[in-house]
1. Around E240, which amide H atoms from residues at least 5 apart in sequence, or from another chain, sit under 5 Å from its own amide H, with H modelled in the peptide plane?
2. With the cut-off at 1.5 for a/c, could you classify the stretch 23-151 from its C-alpha gyration tensor as rounded, prolate or oblate?
3. Using 0.36 nm times the number of residues separating M202 and A130, minus their current alpha carbon distance, what extension gain do you get?
4. Between W30 and W182, what is the FRET efficiency for a Förster distance of 22 Å, r being their Cβ-Cβ separation, to the nearest 0.05?
5. What ³J(HN,Hα) values, in whole Hz, does the Karplus curve 6.51 cos²θ - 1.76 cosθ + 1.60 give for the stretch 28-42 when θ = phi - 60°, with x put for Gly and Pro?
6. For a footprinting-style exposure proxy, rank F166, F84 by other Cβ within 10 Å, fewest first.
7. In nm, what is the difference between 0.36 nm times the number of residues separating V228 and L191 and their Cα-Cα distance?
8. Kindly write out, for the stretch 105-115 in residue order, the coupling ³J(HN,Hα) from the Karplus curve 6.51 cos²θ - 1.76 cosθ + 1.60 (θ = phi - 60°), rounded to whole Hz, with x marking Gly and Pro.
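Only the coordinates and a few stated rules stand behind these numbers; no lab work does. It should be emphasised that the depicted structure is a prediction, and the values quoted were computed from it without experimental measurement. When we count neighbours, we look across all protein chains shown, and the Cβ atoms used for this are built from the backbone with ideal geometry, even at glycine.
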Amino acid sequence: MSLLVKLAGQRLPSSQLVLARALVCLFLSWLWLRRAGLAPWGSHPRLLLLRGLFGTVGLVCFYYTLVTLPMAESVVIANTSPIFTALLAALILREPVHPRLAAAVAASVCGVLAIVRPSFLFGGSAALDAWGVAIGFTGAMASACVYVLIRTIRDRESPLVVVFYFPLVTVPLAIPVAVAHWLWPTPLEWLMLLGLGVATQMAQVHMTRGLILVPAGRATAVNYLQVVLAALWGATLFGEVPDLLTVAGALLIIAGTVALAMARFEQRPPDEDGMVVR
């Protein structure tokens, strides 16, 4: 998905990519609901609409950073969302704060600083575009809000309904912006847009299945393969070779998040929170 966003985003605006992704996922999610015989509207429409709104914000921010920043850095910033999730869950859901949380947050903060390299610490100009970084972290925070909302209603709504509300909210919000900046895609770009939506839906299906089959902590660790893949795609196709500080920062963030996931989930059986992917 990230690769297709990066490729199509070389010419097409990110708002158009968001709309294409949402339209494909809306259609596929509707087919899932029909096949399962479920009513699409759920029993908590306000919370589901809020989930869709936060999800849309996270999606828009993530696609913007993929187009603006190098692939590896974009994916790493997006994957700081579990840290924000743990903090929000402790504040809002009163989930217990494990001792590893402070260490995970500290490691992630150090990792972020190594990647972003703000001028007030490292001197000179920042390594990454400040606006792109800010939007990336806004998206990570929005994704964290989605995770917390899902944990609030996970026992009261079908995961298929939760997934359906994401594109259901995204499509009407994305249409005006996409139309205002519309560029007619080439035949190859149409294929990229279709592939983008299909890849996203496949990610949701397999992430959910993976979380059913293995403990969530282990699944979270495997999920960080996307950081490695993003770095490889960026280096081979776009000439974006991460330097040593970026690699060190990514490893710190991954280590902190995986340690946090193991601490938070080791006593809880896997569930279907995996439906919440960007």
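1. Under 5 Å from the amide H of E240 lie the amide H atoms of A235, each far enough along the sequence or on another chain.
2. On the way: a/c = 3.06, a/b = 1.57, b/c = 1.95.
Oblate, since a/c reaches 1.5 and b/c is not below a/b.
3. 22.7 nm
4. Numbers: r = 24 Å, r/R0 = 1.11.
FRET efficiency, W30 to W182: 0.35.
5. So the J values, rounded to whole Hz, are 5, 5, 5, 5, 4, 5, 4, 5, 7, x, 9, 6, x, 8, x.
6. F84, F166
7. Here the segment from V228 to L191 would lengthen by 10.8 nm.
8. Per-residue couplings from phi come out as 5, 4, 5, 5, 4, 4, x, 4, 4, 5, 7 Hz.
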